[in-house]
Amino acid sequence: MKSVTFAILPLAGTALTAPLTTARYTRNEARPTERHRTIPPLSATDGQQLHLNATKKVEYSSNWAGAVLIGTGYTKVTGTFTVPTPSIPSGGESNEEYCASAWVGIDGDTCTTSILQTGVDFCVQGSSVSYDAWYEWYPDYAYDFSGIAISAGDIITVTVDASSSSAGTATVENVSTGQTVTHSFSGETDKLCEYNAEWIVEDFESNGSLVPFADFGTVTFSDATATDDSSTIGPSDATILDIEQNNEVLTSVSVSGNEVTISYE
């Protein structure tokens, strides 16, 4: 696993009016043993890794909701969304922290070795809401960007761009504020296959288990495109994933043109 140098700025990537909650601050301080980590989609039926089939258009996962293109040669994925205001789900506890994450990525399903991805976490605990922008080359952990602030209602463009199977960039642009941050990867030992392009809202893992899932309202990825062997394509042929937990479907996903809409039900 590579060595990564990063700075911990407690308010970086956080709405200025909503400081990090104690639980989230503790998780970030405890890196890398307790922090955001994406894991591949898990079957809502048996908890095993879910391997999608491009001929089946809807699947159910315990942790991924969104659209996944299955093919070859995906080298770039991008999408733009408005940052939601997360809320505690019906029946939730006010003293518990609930989170979700919106991201774009390359690989992670039919390719099991790695995922190049970047996105934004949104969390709520009581009346406190926090946001973090991050990048990740799975199976390493996610790392927070510094130098970017995110608030509810901001328009965010997220992009991953693979220059090879072991190198690439992850970029988060806050269109509303003009701030842009980029991380470059190189020499990664866990190689991309370039088989999948994804636009996802995730119930991510922290400290070995999925975090309590926030009611995120609706996240719509607009201008959602992928580069496939030098041509640009949209998500119209993607397989849809909905999150199902405890026999209850929690999301509703639709694809129209170059938009992927993911709603909490």
For the peptides 126-135, 173-182, what is the packing order when you average, over each peptide's residues, the other Cβ atoms within 10 Å and list the highest mean first? 126-135, 173-182
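Compute the length gained on full extension between GLN48 and SER231: take 0.36 nm times their separation in residues and subtract their Cα-Cα distance, giving the result in nm to one decimal. Mind showing how you got there, number by number?
On the way: separation 183, 0.36 × 183 = 65.88 nm, distance 3.35 nm.
Once the chain is fully extended between GLN48 and SER231, it gains 62.5 nm.
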Once label points are set 7 Å from the Cα along Cα→Cβ at both THR177 and LYS191, what is their separation, rounded to one decimal in nm? 3.9 nm
Subtracting the Cα-Cα distance from 0.36 nm times the residue separation, let me have the gained length for LYS57 to ASN207 in nm, one decimal. 50.8 nm
Which order, highest average first, do 193-203, 83-93 follow once you tally other Cβ atoms within 10 Å for each residue and take the mean per peptide? 193-203, 83-93
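Quote the FRET efficiency, to the nearest 0.05, computed for ILE155 versus SER87 with a Förster distance R0 of 25 Å and r equal to the Cβ-Cβ distance.
Details: r = 20 Å, r/R0 = 0.82.
Working from the Cβ atoms, E equals 0.75.
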Projected label distance in nm at THR113 and SER94, using a 7 Å step from Cα toward the beta-carbon: 5.1 nm
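Full-extension gain between ASP223 and GLU265, please, as 0.36 nm times their residue separation minus the C-alpha to C-alpha distance.
On the way: separation 42, 0.36 × 42 = 15.12 nm, distance 2.38 nm.
Fully extending the segment from ASP223 to GLU265 adds 12.7 nm.
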Using only the alpha-carbon atoms of region 85-209, report the extent along each of the three principal axes, biggest first, to the nearest angstrom. 44, 34, 20
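Throughout, read-outs are computed from the coordinates displayed, never taken from laboratory work. None of these values were measured; they are calculated from a predicted model. Neighbour counts are summed over all protein chains in view; Cβ atoms, including those assigned to glycine, are modelled from backbone coordinates with ideal geometry.
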